[in-house]
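What follows is a single structure, written as structure tokens, with notes after it.
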């Protein structure tokens, strides 16, 4: 659960990471960014970030909530966006 909480915290303070989680398979995206989650954490991450027919509008509400948290956090922090303590973007391999 600790890593899942770290993923969620980074989703709050790193817009690029948050958008990737919301746009695709959140587990695959988290792995691209260097997170290795347990199977339980993977399932919870999918439940949090993926929308199904029974919960239409969930992603939009989640995005608004995370952006609101981001605004609150950055009011208190003395760093730029994304915070230099947040997750680093994955490096693309050059062939």
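The values are calculated or read from the model by the stated rules, or taken from the named source; none is laboratory data. This is a predicted model, so every value here is computed, not measured. Don't worry about glycine lacking a Cβ; one is built from the backbone with ideal geometry, like all the others, and counts go over all protein chains shown.
What the table shows:
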| read-out | value |
| --- | --- |
| Residue check for residue 88: modelled with pLDDT of 95 or more and within 15 Å of the chain's Cα centre (by Cα) | no |
| Output for the range 33-46, where each listed residue is more than 18 Å from residue 67 (Cα to Cα), surrounded by 12 or more Cβ atoms within 10 Å (Cβ to Cβ) and in contact (Cβ under 8 Å) with a residue 12 or more places away in the chain | 33, 35, 37, 38, 41, 42, 44, 46 |
| Residue count for the range 47-58, restricted to those that are out of contact with any helix residue (DSSP H, G or I) (no Cβ under 6 Å at 6 or more places or on another chain), surrounded by fewer than 15 Cβ atoms within 10 Å (Cβ to Cβ) and either under 19 Å from residue 27 (Cα atoms) or modelled with pLDDT of 95 or more (or both) | 2 |
| Every residue from the range 26-46 that is in contact with a helix residue (DSSP H, G or I) (Cβ under 9 Å, 6 or more places away or on another chain) and part of a loop (DSSP other than H, G, I, E, B) | 33, 35, 36, 37, 38 |
| Qualifying positions in the range 1-32 - within 15 Å of residue 90 (Cβ to Cβ) and in contact (Cβ under 8 Å) with a residue 60 or more places away in the chain | 10, 14, 16, 17 |
| Of all residues making up the range 59-84, the number that are surrounded by 10 or more Cβ atoms within 10 Å (Cβ to Cβ) and assigned to a loop (DSSP other than H, G, I, E, B) | 5 |
| Count - residues of the range 1-21 that are more than 8 Å from the chain's Cα centre (by Cα) and outside any helix (DSSP H, G or I) | 1 |
| Test: residue in the range 55-65 that is free of Cβ contacts under 8 Å to residues at least 12 places away in the same chain and on the phi > 0 side of the Ramachandran plot | yes |
